[in-house]
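The values are calculated or read from the model by the stated rules, or taken from the named source; none is laboratory data. Here the structure is a predicted model, which is why all the values come from computation and not from measurement. Cβ coordinates were reconstructed from backbone atoms using ideal geometry, including for glycine residues, and neighbour counts include every protein chain displayed.
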Amino acid sequence: MRTVHVDLGAKSYDIEIERGILGRLGETIKMLLPKAEKAAVITDSHVGPLYAAVLQQTLENAGFAVTVLTFTAGEESKNLTTLGTLYDGLAEAGLTRSDMVIALGGGVTGDMGGLAAATFLRGIAFVQIPTSLLATVDSSVGGKVAIDLSSGKNLVGAFYQPKAVFIDPDLLQTLPVRYLHDGLAEVIKYGCIRDKGLFEKLEKLEDDTDLLVHADEIIEICCTIKARIVERDEFDTGERMLLNFGHTLGHAVEKTFHFDTYSHGEGVGIGMVLLTRRSEALGLTEPGTADKIECLLRKFNLPSTVQMGQEDFLKATALDKKKRGSQLTLILLKTIGESFLQKVKFSDLPAFLPEE
Ligand code: GLY
């Protein structure tokens, strides 16, 4: 068992990483939340049929009354309508403030299940069991929970820390390969912003099988990096923004292609390479850094370029401008493993965008 402690005072919790842990969680959760009698497992139509029964069984064996609430898989479900249905399910199951919500799934499930937990009865205990690589290394850690509005992603949310995060790397075996790579882009991001050793470890991986063999260690390294950052900046006003390396351009790519061509990780990969090429040209980043990132992305079939010019990027970041005023913060690399925040006026943004 690998444990990463997230030290947030009274809101501290552990991330436990262990193969096969899913089927053994009942007693562990009983010890964690001894007053809870009921558990609502929130999951989606892809993950639920694979893993909800195993979780339900171990919880029932430990004495919990379990309700499984399943919504249709996909980002399109991460909205007020689905959240409303989940609230109704929690109320019908008779959950009280001493009970718990368990999110079993990827980022959408964790974000929406977390928001349901944060707000139902003004907040009940929340446990995350992430099942995608992206969710294990990023969205399940740090307490950001949210749903989307038609005007943008994650526009309604909260910071609400889970009581624990349980990661069973064996569950990644059933993840479609595109989504394994999607999460790997975020793993590469951690190497870029904080850990040259991790980046080099990833360069040495032979293929997806090798990635899955080393998943425990890789997830532990990423969660540790994120935990230390979140401990110092829980509410995302400074250092935590480093986690957004590649995301400003990546979101622009996702948005320009209507969120149906490039996955989040694919957008982030493209964003990391394009931004780093420009920051190299501006003399802010060690030459050759963008090539290294591109080479690693390509090894795992992740894209590193896109048919978009400066105008497309400016149009796609227009909402950011409305939200953030006259300047935004870009995350740049000095070299692999060293990153910094760079405040940029919107009027100076074109210098950081790919040329036509
Ligand atoms: N996904 C970035 C963060 O949690 O801050």
Answer residue from region 189-240, given it is outside any helix (DSSP H, G or I) and within 12 Å of the ligand (Cβ to nearest atom) and is surrounded by the fewest Cβ atoms within 10 Å (Cβ to Cβ) among those: 237
Complete set of residues in region 133-182 that are surrounded by fewer than 21 Cβ atoms within 10 Å (Cβ to Cβ), among the polar types (S, T, N, Q) and within 16 Å of the ligand (Cβ to nearest atom): 154
Filter result for residue 94 (surrounded by fewer than 19 Cβ atoms within 10 Å (Cβ to Cβ) and more than 27 Å from residue 259 (Cβ to Cβ)): yes
Residue match in region 285-300 (condition: at positive phi and within 22 Å of the chain's Cα centre (by Cα)): no
Some residue of region 285-293 being modelled with pLDDT of 95 or more and closer than 30 Å to residue 74 by Cα: yes
Any hit, region 290-303, residues being more than 30 Å from residue 176 (Cα to Cα), touching a helix residue (DSSP H, G or I) at 6+ places or on another chain (Cβ under 8 Å) and part of a loop (DSSP other than H, G, I, E, B): no
